[in-house]
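The values are calculated or read from the model by the stated rules, or taken from the named source; none is laboratory data. Because the structure is predicted, anything quoted here is derived from the model rather than measured. Every residue, glycine as well, gets a Cβ built from its backbone with ideal geometry; the counts of neighbours run over all protein chains shown. Remember, those area values only see protein heavy atoms, side chains included, never the ligands or the DNA or RNA. Shrake-Rupley method; radii C 1.70, N 1.55, O 1.52, S 1.80 Å.
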Amino acid sequence: MKNTDTYYINLEDKFGAHNYHPLDVVLARGKGVWVWDVNGKKYMDFLSGYSAVSHGHAHKKIAKAAKKQMDLLTLTGRAFRNDQLGKFCEELCKFTGFEMFLPMNSGAEAVETALKIARKWGYTKKGVEKDKAEIIAFANNFHGRTITIVGMSTEQQYKEGFGSFPSGFKVVAYNNIEAVKKAITKNTVAMLIEPIQGEGGIIIPSEGYLTALRKLCRENNILLILDEIQTGFGRTGKLFAFQHETVAKPDMLIVGKALGGGYYPVSGVLSSREIMSVIKPGDHGSTFGGNPLAAAIGRASIAVMKEEKMVENSKKMGDYLLKQLKTIKSKWIKEIRGKGLFIGVELIPESGGARKFCEALAKIGILSKETHDMVIRFAPPLIITKSEIDFAIKKIKKVLETK
Ligand SMILES: *Cc1c(COP(=O)(O)O)cnc(C)c1O
(Lines give C-alpha, C1' and ligand atoms only; values in the text may rest on other atoms or scores of the structure.)
Protein backbone atom coordinates (compact mmCIF):
# COMPACT_ATOMS: atom_id res chain seq x y z
CA MET A 1 0.00 0.00 0.00
CA LYS A 2 1.26 3.46 -0.95
CA ASN A 3 2.26 6.01 1.70
CA THR A 4 2.12 3.71 4.72
CA ASP A 5 5.21 3.28 6.84
CA THR A 6 5.67 -0.28 5.54
CA TYR A 7 5.71 1.10 2.00
CA TYR A 8 8.52 3.55 2.81
CA ILE A 9 10.48 0.99 4.81
CA ASN A 10 10.31 -1.56 1.99
CA LEU A 11 11.27 1.04 -0.59
CA GLU A 12 14.29 2.14 1.42
CA ASP A 13 15.33 -1.44 2.09
CA LYS A 14 15.00 -2.39 -1.56
CA PHE A 15 16.80 0.52 -3.19
CA GLY A 16 18.92 1.91 -0.39
CA ALA A 17 22.11 0.31 0.91
CA HIS A 18 21.71 -1.32 4.32
CA ASN A 19 24.48 0.52 6.13
CA TYR A 20 22.26 1.44 9.10
CA HIS A 21 19.83 -0.37 11.39
CA PRO A 22 17.23 2.36 11.98
CA LEU A 23 14.24 2.21 14.27
CA ASP A 24 11.25 1.70 11.99
CA VAL A 25 9.61 5.08 12.36
CA VAL A 26 9.17 6.98 9.10
CA LEU A 27 9.35 10.68 9.81
CA ALA A 28 7.85 13.31 7.58
CA ARG A 29 7.87 16.57 9.53
CA GLY A 30 9.56 18.27 12.47
CA LYS A 31 9.17 21.37 14.61
CA GLY A 32 11.36 22.18 17.60
CA VAL A 33 11.83 19.06 19.73
CA TRP A 34 8.92 17.32 17.96
CA VAL A 35 8.74 15.14 14.86
CA TRP A 36 5.76 13.47 13.15
CA ASP A 37 5.69 10.23 11.22
CA VAL A 38 3.82 9.56 7.97
CA ASN A 39 0.74 8.51 9.95
CA GLY A 40 0.70 11.78 11.83
CA LYS A 41 1.93 10.23 15.10
CA LYS A 42 3.96 12.67 17.18
CA TYR A 43 7.28 11.90 18.87
CA MET A 44 9.81 13.83 20.90
CA ASP A 45 13.26 13.73 19.35
CA PHE A 46 15.70 12.70 22.07
CA LEU A 47 18.63 12.15 19.70
CA SER A 48 18.73 15.38 17.65
CA GLY A 49 20.41 13.78 14.66
CA TYR A 50 23.39 12.78 16.83
CA SER A 51 23.57 16.44 18.00
CA ALA A 52 23.28 17.92 14.50
CA VAL A 53 19.78 19.21 15.28
CA SER A 54 20.66 21.01 18.52
CA HIS A 55 18.63 24.03 17.39
CA GLY A 56 15.50 21.91 17.06
CA HIS A 57 13.78 20.97 13.82
CA ALA A 58 12.81 23.52 11.18
CA HIS A 59 14.15 26.53 13.04
CA LYS A 60 12.43 29.55 11.46
CA LYS A 61 15.37 31.91 11.58
CA ILE A 62 17.83 29.44 10.08
CA ALA A 63 15.28 28.48 7.42
CA LYS A 64 14.86 32.15 6.57
CA ALA A 65 18.60 32.70 6.19
CA ALA A 66 18.90 29.56 4.07
CA LYS A 67 16.01 30.51 1.79
CA LYS A 68 17.34 34.02 1.37
CA GLN A 69 20.76 32.74 0.38
CA MET A 70 19.25 30.11 -1.94
CA ASP A 71 17.71 32.89 -3.98
CA LEU A 72 20.99 34.78 -4.18
CA LEU A 73 24.00 32.50 -4.61
CA THR A 74 24.67 28.94 -3.46
CA LEU A 75 27.90 27.67 -4.91
CA THR A 76 30.96 29.20 -6.47
CA GLY A 77 33.66 26.71 -5.64
CA ARG A 78 36.68 28.25 -3.96
CA ALA A 79 37.95 29.33 -7.37
CA PHE A 80 36.13 32.57 -6.65
CA ARG A 81 35.32 34.40 -3.47
CA ASN A 82 31.85 34.96 -2.09
CA ASP A 83 30.40 37.53 0.28
CA GLN A 84 29.42 35.01 3.00
CA LEU A 85 32.56 32.98 3.74
CA GLY A 86 34.66 35.79 5.24
CA LYS A 87 31.85 36.84 7.56
CA PHE A 88 31.19 33.24 8.57
CA CYS A 89 34.86 32.65 9.42
CA GLU A 90 35.05 35.89 11.40
CA GLU A 91 31.87 35.25 13.34
CA LEU A 92 32.82 31.65 14.09
CA CYS A 93 36.36 32.57 15.19
CA LYS A 94 35.06 35.34 17.47
CA PHE A 95 32.39 33.06 18.91
CA THR A 96 34.84 30.25 19.66
CA GLY A 97 38.04 32.13 20.47
CA PHE A 98 40.18 30.80 17.62
CA GLU A 99 42.05 32.73 14.93
CA MET A 100 41.35 30.89 11.68
CA PHE A 101 38.85 28.44 10.24
CA LEU A 102 39.16 25.92 7.41
CA PRO A 103 35.67 24.95 6.18
CA MET A 104 34.62 21.45 5.11
CA ASN A 105 31.27 19.64 4.94
CA SER A 106 31.08 16.37 6.86
CA GLY A 107 32.67 15.61 10.19
CA ALA A 108 34.92 12.88 8.82
CA GLU A 109 36.33 15.30 6.24
CA ALA A 110 37.07 17.82 8.95
CA VAL A 111 38.90 15.14 10.96
CA GLU A 112 40.95 14.21 7.87
CA THR A 113 41.71 17.90 7.43
CA ALA A 114 43.02 18.22 10.98
CA LEU A 115 45.20 15.13 10.50
CA LYS A 116 46.67 16.62 7.31
CA ILE A 117 47.37 19.95 8.97
CA ALA A 118 49.01 18.16 11.91
CA ARG A 119 51.27 16.11 9.67
CA LYS A 120 52.28 19.11 7.56
CA TRP A 121 52.95 21.07 10.76
CA GLY A 122 55.06 18.16 12.00
CA TYR A 123 57.21 18.10 8.87
CA THR A 124 57.53 21.84 8.30
CA LYS A 125 57.56 23.24 11.86
CA LYS A 126 58.55 20.47 14.22
CA GLY A 127 61.12 19.04 11.82
CA VAL A 128 59.98 15.42 11.78
CA GLU A 129 61.74 13.32 9.15
CA LYS A 130 59.79 12.70 5.91
CA ASP A 131 56.89 10.22 6.27
CA LYS A 132 57.71 9.48 9.93
CA ALA A 133 54.98 11.57 11.61
CA GLU A 134 52.93 9.77 14.25
CA ILE A 135 49.52 10.70 15.58
CA ILE A 136 48.09 9.28 18.81
CA ALA A 137 44.42 8.34 18.98
CA PHE A 138 42.42 6.71 21.79
CA ALA A 139 40.66 3.41 22.32
CA ASN A 140 36.88 3.45 21.93
CA ASN A 141 37.09 6.57 19.73
CA PHE A 142 34.67 7.66 17.05
CA HIS A 143 35.91 10.13 14.44
CA GLY A 144 33.97 9.10 11.33
CA ARG A 145 34.08 6.47 8.62
CA THR A 146 36.85 7.16 6.11
CA ILE A 147 39.60 4.56 5.61
CA THR A 148 42.15 6.54 7.63
CA ILE A 149 39.71 7.16 10.44
CA VAL A 150 38.41 3.61 10.78
CA GLY A 151 42.05 2.57 10.71
CA MET A 152 42.31 4.26 14.14
CA SER A 153 39.14 2.66 15.44
CA THR A 154 39.12 -0.10 18.06
CA GLU A 155 35.62 -1.18 17.03
CA GLN A 156 36.12 -4.42 15.08
CA GLN A 157 33.10 -3.98 12.81
CA TYR A 158 34.20 -0.53 11.68
CA LYS A 159 37.44 -1.98 10.32
CA GLU A 160 36.63 -5.55 9.35
CA GLY A 161 36.83 -5.92 5.58
CA PHE A 162 38.15 -2.41 4.94
CA GLY A 163 41.93 -2.81 5.32
CA SER A 164 44.64 -2.02 4.66
CA PHE A 165 44.99 1.18 6.63
CA PRO A 166 47.46 4.08 6.54
CA SER A 167 50.39 3.88 8.96
CA GLY A 168 51.47 6.59 11.36
CA PHE A 169 48.77 6.14 13.99
CA LYS A 170 49.00 4.74 17.50
CA VAL A 171 45.97 3.95 19.61
CA VAL A 172 46.27 4.09 23.41
CA ALA A 173 43.85 3.67 26.32
CA TYR A 174 41.41 6.54 26.98
CA ASN A 175 41.56 8.31 30.33
CA ASN A 176 45.02 6.97 31.16
CA ILE A 177 47.84 9.50 31.17
CA GLU A 178 50.60 6.93 31.61
CA ALA A 179 49.50 5.11 28.44
CA VAL A 180 49.82 8.32 26.45
CA LYS A 181 53.22 9.13 27.92
CA LYS A 182 54.55 5.76 26.83
CA ALA A 183 53.33 6.24 23.26
CA ILE A 184 55.09 9.57 22.68
CA THR A 185 58.21 9.54 20.49
CA LYS A 186 60.22 12.28 18.82
CA ASN A 187 57.99 11.76 15.76
CA THR A 188 54.70 12.35 17.56
CA VAL A 189 53.06 15.38 15.96
CA ALA A 190 49.59 15.30 17.44
CA MET A 191 47.01 13.56 19.56
CA LEU A 192 43.38 13.38 18.47
CA ILE A 193 40.75 12.93 21.15
CA GLU A 194 37.08 13.45 22.01
CA PRO A 195 36.79 15.33 25.34
CA ILE A 196 33.76 13.12 26.04
CA GLN A 197 33.36 9.99 23.93
CA GLY A 198 29.92 10.13 22.34
CA GLU A 199 29.46 7.07 20.15
CA GLY A 200 31.71 5.23 22.61
CA GLY A 201 28.88 5.44 25.15
CA ILE A 202 29.03 8.94 26.72
CA ILE A 203 32.33 8.23 28.42
CA ILE A 204 33.46 11.13 30.57
CA PRO A 205 37.17 11.09 31.49
CA SER A 206 38.35 11.92 35.01
CA GLU A 207 38.62 15.54 35.98
CA GLY A 208 42.05 16.91 35.09
CA TYR A 209 42.68 14.40 32.32
CA LEU A 210 42.41 16.92 29.48
CA THR A 211 44.49 19.42 31.41
CA ALA A 212 47.16 16.75 31.83
CA LEU A 213 47.07 15.98 28.10
CA ARG A 214 47.33 19.70 27.35
CA LYS A 215 50.42 19.92 29.53
CA LEU A 216 51.96 16.80 28.03
CA CYS A 217 51.45 18.17 24.52
CA ARG A 218 53.05 21.47 25.42
CA GLU A 219 56.07 19.81 27.03
CA ASN A 220 56.66 17.59 23.99
CA ASN A 221 55.79 20.05 21.21
CA ILE A 222 52.75 18.03 20.17
CA LEU A 223 49.47 19.41 18.85
CA LEU A 224 46.35 18.70 20.88
CA ILE A 225 43.43 18.11 18.50
CA LEU A 226 39.97 17.90 20.02
CA ASP A 227 37.11 16.38 18.08
CA GLU A 228 34.05 18.29 19.30
CA ILE A 229 31.88 17.45 16.33
CA GLN A 230 29.30 15.93 18.68
CA THR A 231 30.12 17.60 22.02
CA GLY A 232 30.52 21.13 20.61
CA PHE A 233 28.22 24.13 20.50
CA GLY A 234 26.60 23.71 23.86
CA ARG A 235 25.79 20.02 23.87
CA THR A 236 27.55 19.43 27.22
CA GLY A 237 26.44 22.65 28.92
CA LYS A 238 29.50 24.69 27.91
CA LEU A 239 30.13 26.08 24.45
CA PHE A 240 32.75 23.32 24.11
CA ALA A 241 33.33 20.33 26.35
CA PHE A 242 37.00 21.26 26.84
CA GLN A 243 35.83 24.37 28.69
CA HIS A 244 34.77 22.23 31.64
CA GLU A 245 38.51 22.39 32.33
CA THR A 246 39.86 25.91 32.23
CA VAL A 247 43.26 25.30 30.66
CA ALA A 248 42.52 22.62 28.11
CA LYS A 249 42.22 24.78 24.98
CA PRO A 250 43.36 22.69 22.03
CA ASP A 251 45.66 23.66 19.16
CA MET A 252 43.00 22.50 16.73
CA LEU A 253 39.29 22.14 17.34
CA ILE A 254 37.20 20.06 14.95
CA VAL A 255 33.57 21.15 14.59
CA GLY A 256 30.60 19.95 12.57
CA LYS A 257 27.08 18.65 13.21
CA ALA A 258 25.22 21.50 15.02
CA LEU A 259 27.17 24.14 13.09
CA GLY A 260 24.83 23.45 10.17
CA GLY A 261 21.74 24.20 12.28
CA GLY A 262 20.18 20.89 11.25
CA TYR A 263 19.92 22.12 7.66
CA TYR A 264 23.16 21.47 5.92
CA PRO A 265 26.50 19.72 6.44
CA VAL A 266 28.90 22.37 7.72
CA SER A 267 32.15 21.31 9.38
CA GLY A 268 35.74 22.40 9.65
CA VAL A 269 38.86 22.98 11.71
CA LEU A 270 39.54 25.93 14.00
CA SER A 271 43.10 26.80 14.91
CA SER A 272 45.71 29.51 15.32
CA ARG A 273 47.11 31.61 12.49
CA GLU A 274 50.50 30.03 13.09
CA ILE A 275 49.34 26.43 12.71
CA MET A 276 46.85 27.11 9.91
CA SER A 277 49.56 28.87 7.91
CA VAL A 278 51.22 25.54 7.09
CA ILE A 279 48.39 24.98 4.60
CA LYS A 280 49.15 26.69 1.29
CA PRO A 281 46.93 27.19 -1.77
CA GLY A 282 46.49 23.82 -3.44
CA ASP A 283 47.36 21.77 -0.34
CA HIS A 284 43.78 20.92 0.54
CA GLY A 285 40.26 21.71 -0.54
CA SER A 286 36.65 20.78 -1.10
CA THR A 287 34.22 21.78 -3.85
CA PHE A 288 31.42 22.44 -1.39
CA GLY A 289 33.45 23.49 1.65
CA GLY A 290 32.82 27.13 2.51
CA ASN A 291 30.11 27.62 -0.10
CA PRO A 292 27.89 30.67 0.41
CA LEU A 293 24.81 28.64 1.34
CA ALA A 294 26.76 26.70 3.99
CA ALA A 295 28.30 29.93 5.26
CA ALA A 296 24.95 31.72 5.49
CA ILE A 297 23.44 28.78 7.34
CA GLY A 298 26.45 28.54 9.67
CA ARG A 299 26.12 32.24 10.45
CA ALA A 300 22.43 31.89 11.25
CA SER A 301 23.10 28.84 13.37
CA ILE A 302 25.66 30.75 15.46
CA ALA A 303 23.33 33.74 15.79
CA VAL A 304 20.53 31.51 17.08
CA MET A 305 22.84 29.78 19.58
CA LYS A 306 23.59 33.19 21.08
CA GLU A 307 20.10 34.69 20.90
CA GLU A 308 18.37 31.71 22.40
CA LYS A 309 21.11 31.11 24.99
CA MET A 310 21.29 27.50 23.91
CA VAL A 311 24.48 26.79 25.86
CA GLU A 312 22.97 28.06 29.11
CA ASN A 313 19.76 26.16 28.46
CA SER A 314 21.71 22.97 27.85
CA LYS A 315 23.38 23.34 31.25
CA LYS A 316 20.15 24.16 33.06
CA MET A 317 17.94 21.58 31.37
CA GLY A 318 20.74 19.00 31.35
CA ASP A 319 21.15 19.25 35.12
CA TYR A 320 17.39 18.94 35.49
CA LEU A 321 17.10 15.94 33.15
CA LEU A 322 20.00 14.16 34.84
CA LYS A 323 18.47 14.75 38.27
CA GLN A 324 15.10 13.44 37.12
CA LEU A 325 16.65 10.38 35.46
CA LYS A 326 18.47 9.57 38.67
CA THR A 327 15.16 9.32 40.52
CA ILE A 328 14.16 6.37 38.32
CA LYS A 329 14.23 3.10 40.19
CA SER A 330 15.07 0.39 37.71
CA LYS A 331 16.93 -2.84 38.25
CA TRP A 332 18.26 -2.57 34.68
CA ILE A 333 20.28 0.61 35.19
CA LYS A 334 23.99 0.29 35.88
CA GLU A 335 24.94 3.95 35.70
CA ILE A 336 23.56 7.28 34.55
CA ARG A 337 26.15 9.86 33.51
CA GLY A 338 26.24 13.02 31.51
CA LYS A 339 27.05 16.69 31.11
CA GLY A 340 24.52 19.19 29.86
CA LEU A 341 22.06 17.55 27.49
CA PHE A 342 24.47 14.74 26.68
CA ILE A 343 23.42 11.84 28.86
CA GLY A 344 24.04 8.11 28.77
CA VAL A 345 22.01 5.53 30.65
CA GLU A 346 24.10 2.39 30.88
CA LEU A 347 22.18 -0.82 31.43
CA ILE A 348 23.32 -4.09 32.95
CA PRO A 349 23.81 -7.02 30.53
CA GLU A 350 20.84 -8.89 32.06
CA SER A 351 18.60 -6.11 30.72
CA GLY A 352 18.91 -7.61 27.25
CA GLY A 353 20.55 -4.48 25.84
CA ALA A 354 19.57 -0.91 25.09
CA ARG A 355 17.95 -1.52 21.70
CA LYS A 356 14.71 -2.98 23.02
CA PHE A 357 14.31 -0.08 25.46
CA CYS A 358 14.75 2.38 22.58
CA GLU A 359 12.14 0.46 20.60
CA ALA A 360 9.75 0.54 23.57
CA LEU A 361 10.36 4.27 24.00
CA ALA A 362 9.68 4.90 20.31
CA LYS A 363 6.33 3.12 20.62
CA ILE A 364 5.23 5.60 23.26
CA GLY A 365 6.61 8.66 21.52
CA ILE A 366 10.23 9.17 22.58
CA LEU A 367 12.95 8.73 19.95
CA SER A 368 16.36 7.81 21.28
CA LYS A 369 19.10 5.51 20.05
CA GLU A 370 21.33 2.96 21.68
CA THR A 371 25.05 3.45 21.39
CA HIS A 372 27.11 0.34 21.76
CA ASP A 373 24.89 -2.39 23.14
CA MET A 374 24.25 -1.25 26.67
CA VAL A 375 23.91 2.54 26.58
CA ILE A 376 20.83 4.62 25.78
CA ARG A 377 21.86 8.10 24.69
CA PHE A 378 19.61 11.01 25.60
CA ALA A 379 20.49 14.14 23.65
CA PRO A 380 17.41 16.24 22.91
CA PRO A 381 17.61 19.57 21.08
CA LEU A 382 19.18 22.26 23.28
CA ILE A 383 16.03 24.38 23.09
CA ILE A 384 14.05 21.87 25.14
CA THR A 385 11.89 23.26 27.97
CA LYS A 386 11.26 21.98 31.47
CA SER A 387 7.71 20.91 30.69
CA GLU A 388 8.92 19.01 27.64
CA ILE A 389 11.45 17.20 29.84
CA ASP A 390 8.71 16.41 32.36
CA PHE A 391 6.65 14.91 29.53
CA ALA A 392 9.59 12.75 28.42
CA ILE A 393 10.61 11.68 31.91
CA LYS A 394 7.22 10.12 32.61
CA LYS A 395 7.59 7.93 29.54
CA ILE A 396 11.23 7.08 30.14
CA LYS A 397 10.37 6.10 33.70
CA LYS A 398 7.60 3.84 32.50
CA VAL A 399 9.88 1.99 30.07
CA LEU A 400 12.88 1.68 32.38
CA GLU A 401 10.79 0.56 35.33
CA THR A 402 9.28 -2.40 33.46
CA LYS A 403 10.23 -5.68 35.02
C1 LIG B 1 29.57 12.31 14.04
C2 LIG B 1 30.98 12.39 14.42
C3 LIG B 1 32.01 12.40 13.47
C4 LIG B 1 31.75 12.20 12.00
O5 LIG B 1 30.93 13.16 11.43
P6 LIG B 1 30.22 12.84 10.01
O7 LIG B 1 29.56 14.15 9.67
O8 LIG B 1 29.25 11.74 10.27
O9 LIG B 1 31.28 12.46 9.07
C10 LIG B 1 33.30 12.57 13.91
N11 LIG B 1 33.58 12.68 15.22
C12 LIG B 1 32.62 12.68 16.17
C13 LIG B 1 33.00 12.84 17.60
C14 LIG B 1 31.29 12.50 15.81
O15 LIG B 1 30.35 12.44 16.75
**OP:** Assess whether L382 counts as being more than 22 Å from the chain's Cα centre (by Cα) and closer than 26 Å to K257 by Cα.
**Re:** no
**OP:** For K315, work out the one condition from (1) open to solvent by 20 Å² or more (accessible area, probe 1.4 Å); (2) touching a Gly at 6+ places or on another chain (Cβ under 6 Å); (3) on the phi > 0 side of the Ramachandran plot it doesn't fulfil.
**Re:** (3)
Original post:
Within segment 177-204, restricting attention to residues that are closer than 22 Å to R337 by Cα and part of a strand (DSSP E or B), which residue is farthest from the ligand (Cβ to nearest atom)?
Top reply: I203
**OP:** State whether the residues of segment 68-82 include one that is assigned to a loop (DSSP other than H, G, I, E, B), in contact with a helix residue (DSSP H, G or I) (Cβ under 9 Å, 6 or more places away or on another chain) and within 16 Å of the ligand (Cβ to nearest atom).
**Re:** no
Subject >> Any pair with Cβ under 8 angstrom, 6 or more apart, that starts in segment 128-149 at a residue that is more than 17 Å from N187 (Cβ to Cβ) and within 11 Å of the ligand (Cβ to nearest atom) and ends at one that is open to solvent by 40 Å² or more (accessible area, probe 1.4 Å) and assigned to a loop (DSSP other than H, G, I, E, B) >> reply: N141/T154; F142/E155; G144/S106
Original post:
Within segment 2-32, can you find the residues that are on the phi > 0 side of the Ramachandran plot and either free of Cβ contacts under 8 Å to residues at least 24 places away in the same chain or crowded, with 16+ Cβ neighbours inside 10 Å (or both)?
Top reply: G32
**OP:** Scan segment 205-225 and give yes if some residue there is within 30 Å of N313 (Cα to Cα), open to solvent by 20 Å² or more (accessible area, probe 1.4 Å), within 13 Å of the ligand (Cβ to nearest atom) and in a loop (DSSP other than H, G, I, E, B), otherwise no.
**Re:** no
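For (1) in a helix (DSSP H, G or I); (2) surrounded by fewer than 19 Cβ atoms within 10 Å (Cβ to Cβ); (3) within 13 Å of the ligand (Cβ to nearest atom); (4) hydrophobic (A, V, I, L, M, F, W, C), each residue gets a yes or a no:
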| site | (1), (2), (3), (4) |
| --- | --- |
| L102 | no, no, no, yes |
| A108 | yes, no, yes, yes |
| I117 | yes, no, no, yes |
| K125 | yes, yes, no, no |
Subject >> Which numbered condition C358 misses (of (1) open to solvent by less than 60 Å² (accessible area, probe 1.4 Å); (2) in a loop (DSSP other than H, G, I, E, B)) >> reply: (2)
Subject >> Test: I229 is surrounded by 24 or more Cβ atoms within 10 Å (Cβ to Cβ), within 16 Å of the ligand (Cβ to nearest atom) and under 21 Å from G127 (Cα atoms) >> reply: no
**OP:** Select from segment 33-56 the residues that are open to solvent by 40 Å² or more (accessible area, probe 1.4 Å) and outside any helix (DSSP H, G or I) and list them in ascending order.
**Re:** W34, W36, V38, N39, G40, K41, K42
**OP:** Scan segment 199-213 and give yes if some residue there is within 18 Å of A108 (Cα to Cα) and either without any contact (Cβ under 8 Å) to a residue 12 or more places away in the chain or in contact with a strand residue (DSSP E or B) (Cβ under 8 Å, 6 or more places away or on another chain) (or both), otherwise no.
**Re:** yes
Subject >> Filtered residues of segment 337-350 (kept if surrounded by 19 or more Cβ atoms within 10 Å (Cβ to Cβ) and without any contact (Cβ under 8 Å) to a residue 60 or more places away in the chain) >> reply: V345, L347
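Conditions tested, residue by residue: (1) among the basic types (K, R); (2) within 16 Å of the ligand (Cβ to nearest atom); (3) within 30 Å of K363 (Cβ to Cβ).
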| position | (1), (2), (3) |
| --- | --- |
| A17 | no, yes, yes |
| Y50 | no, yes, yes |
| K64 | yes, no, no |
| L85 | no, no, no |
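Residue by residue, here is whether (1) within 13 Å of the chain's Cα centre (by Cα); (2) of a type outside the set (G, A, S); (3) within 27 Å of K334 (Cβ to Cβ) holds:
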residue: S164; (1), (2), (3): no, no, no
residue: G168; (1), (2), (3): no, no, no
residue: A183; (1), (2), (3): no, no, no
residue: N187; (1), (2), (3): no, yes, no
residue: A190; (1), (2), (3): no, no, no
residue: V266; (1), (2), (3): yes, yes, no
residue: G282; (1), (2), (3): no, no, no
